[in-house]
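In what follows, a single structure is set out as structure tokens and then discussed.
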Amino acid sequence: MTHAYIADAVRTPRGRGNDKGSLKPVKPAELLAQTLRALAHRTALDTAQVCDAVFGCVTQTADQGASVGTLALPLAGWSDAVGAVTINRYCASGLSATHFAALQALHGDTLALGGGIEMMSRVPMGSDQGPLTHDRTLQLQAQLVPIGIAADAIATQRGYSRAMLDAYAAQSQQRAAAAAARGMPPSMVAVTAADGSSLLDRDENIRPATTAQTLAALPAAFAEWGAKGGEQGWDAQLCRRYGLAGIDHVHHAGNSPAMADAAAAVLVGSRGALERGHLAPRARILGFADTGSDRMLALTGTVDAARIALQRAGLQAGDIDLFEINEGFAAMALHFSEAMAVGQDRLNVNGGAIAIGHAMGATGAAMVSVMLDELELRQARYGCLSICGAAGVASAMVVERVSGF
């Protein structure tokens, strides 16, 4: 079987996705351009050899409109020969973009680029006023439950208590803080201002003092929203659909993903293209999947996509050394661990989006470099990444660490 290879993968730190975020002064196209310049420098890449670039971005309006990924390429000084497109598969966009790039690379025996960008400090979620967030009639017709309420429904179904979710969230913070204390990871690139001064060289959302006890004091975030509308409200619909007596609202700001700013890029190619470009591979892509799942619960898609990707790779969950998933609410992470029979020693070992933040269009692509860094550190072999999004979309990838051909 012919496989695509990952030549390199880089990511920026994740900044706070609000007015206090260190990255807010940077425009999205420039943040992505800095990532692309770093990738080209690290690999001594002749960018004219890249056939296409595919970038994920969820809220494509204002500073992130007009195919922002396409606009980042000239800012980065890349060749005019590189075409580009910006896609939206909700939170799975960045990883799905990398899949599309791998297909391009294999089809043309060439190099291609995947990646993503999202700056939630400048373009908040829902700024595009699309029907997913702003059309109640469509939401009801399509049964698209707000994702935080869906997370509470999963916790109710699976019997996950508030204490269990808070314990997981505290662990994510502690793991992320420990990882940050070791210094900047090999694949992270610092973000600079126009004058060359450093803006951010570490993940900014981490709260090292967080404990399960401090989280216990936070109010539930989605209870009022879920109850609104009575028999036509989201709680009532979920109870009827899944035979629940009620929804236990257990998610809050501390066990949900923090909003973030970030960019990421992944250079992929066929074996021949890497050899012609004198590029050493960091990993081989063994299998991947872009799929749909239960659109009301949505967050269960992380399991569905991982299972498909593993099957295509010819592997089982027990073969995998490390799993990296987007922590789209603590209940989703607990469900993945339970459904896939993956212990906490193999899952998000450096924390996840609950601690470091979720930059929607970029997170999936950023997870690739997170995975490669940890596989290389441990000299481990196999990694599986998975991420889900609204309306049940999900993407997953299985990689094998390699060091040369």
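The values are calculated or read from the model by the stated rules, or taken from the named source; none is laboratory data. None of the values given here were measured: they were computed from a predicted structure. Counting neighbours? That spans all protein chains shown, and the Cβs are built from the backbone with ideal geometry, glycine included.
Kindly evaluate Pro13 against the criterion of being touching a helix residue (DSSP H, G or I) at 6+ places or on another chain (Cβ under 8 Å) and either of a type outside the set (Gly, Ala, Ser) or at pLDDT 95 or above (or both). Working first, answer last.
Working: touching a helix residue (DSSP H, G or I) at 6+ places or on another chain (Cβ under 8 Å): no; either of a type outside the set (Gly, Ala, Ser) or at pLDDT 95 or above (or both): yes.
Against the criterion (touching a helix residue (DSSP H, G or I) at 6+ places or on another chain (Cβ under 8 Å) and either of a type outside the set (Gly, Ala, Ser) or at pLDDT 95 or above (or both)), Pro13 does not qualify.
State whether the residues of the stretch 239-247 include one that is touching a His at 6+ places or on another chain (Cβ under 7 Å) and surrounded by fewer than 18 Cβ atoms within 10 Å (Cβ to Cβ).
Looking for residues that are touching a His at 6+ places or on another chain (Cβ under 7 Å) and surrounded by fewer than 18 Cβ atoms within 10 Å (Cβ to Cβ), one finds none in the stretch 239-247, hence no.
Among what's in the stretch 34-56 and is of a type in the set (Gly, Ala, Ser) and surrounded by fewer than 24 Cβ atoms within 10 Å (Cβ to Cβ), pick the residue that is farthest from Ala260 (Cα to Cα).
Ala48
Of all residues in the stretch 256-272, count the ones that are buried (at least 24 other Cβ atoms within 10 Å of the Cβ) and over 30 Å from Tyr242 (Cα atoms).
So the count comes out to 10.
Is it true that Ser22 is on the phi > 0 side of the Ramachandran plot and surrounded by fewer than 24 Cβ atoms within 10 Å (Cβ to Cβ)?
Judged against the criteria, Ser22 is not a match.
What's the number of the condition Ala313 fails, among (1) touching a Gly at 6+ places or on another chain (Cβ under 7 Å); (2) within 30 Å of Gly65 (Cα to Cα)?
With respect to (1) touching a Gly at 6+ places or on another chain (Cβ under 7 Å); (2) within 30 Å of Gly65 (Cα to Cα), Ala313 is out only on (2).
Among the residues of the stretch 83-126, which ones are within 13 Å of the chain's Cα centre (by Cα), part of a loop (DSSP other than H, G, I, E, B) and surrounded by 24 or more Cβ atoms within 10 Å (Cβ to Cβ)?
Ala92
For the stretch 290-338, give me each residue that is among the aromatic types (Phe, Trp, Tyr) and either part of a helix (DSSP H, G or I) or touching a Lys or Arg at 6+ places or on another chain (Cβ under 7 Å) (or both).
Within the stretch 290-338, Phe323, Phe336 meet the criteria.
Take Pro74 and decide whether it is assigned to a helix (DSSP H, G or I), at pLDDT 95 or above and more than 21 Å from the chain's Cα centre (by Cα).
Yes, satisfied.
Out of all the residues in the stretch 141-165, which are more than 21 Å from the chain's Cα centre (by Cα), closer than 22 Å to Ala298 by Cα and part of a helix (DSSP H, G or I)?
Of everything in the stretch 141-165, those that are more than 21 Å from the chain's Cα centre (by Cα), closer than 22 Å to Ala298 by Cα and part of a helix (DSSP H, G or I) turn out to be Gln141, Ala142, Ala153, Ala155, Thr156, Gln157, Arg158, Arg162, Met164.
Mind checking which residues of the stretch 6-33 are part of a helix (DSSP H, G or I) and closer than 20 Å to His358 by Cβ?
Pro28, Leu31, Leu32
Considering only residues of the stretch 280-302 that are over 22 Å from Gly116 (Cα atoms) and aliphatic (A, V, I, L, M), which is surrounded by the most Cβ atoms within 10 Å (Cβ to Cβ)?
Leu297
Does the stretch 185-219 hold any residues that are more than 25 Å from the chain's Cα centre (by Cα), of a type in the set (S, T, N, Q) and closer than 19 Å to Tyr168 by Cα, and which are they?
Scanning the stretch 185-219 gives Gln213, Thr214.
Consider Gln143 against the criteria (1) polar (S, T, N, Q); (2) crowded, with 16+ Cβ neighbours inside 10 Å; (3) at positive phi: it satisfies all of them except one. Which criterion is unmet?
Unmet condition: (2).
Would you please name the residue that is farthest from the chain's Cα centre (by Cα), looking only at residues in the stretch 220-232 that are at pLDDT 95 or above and in a loop (DSSP other than H, G, I, E, B)?
Only one residue fits best here, namely Ala220.
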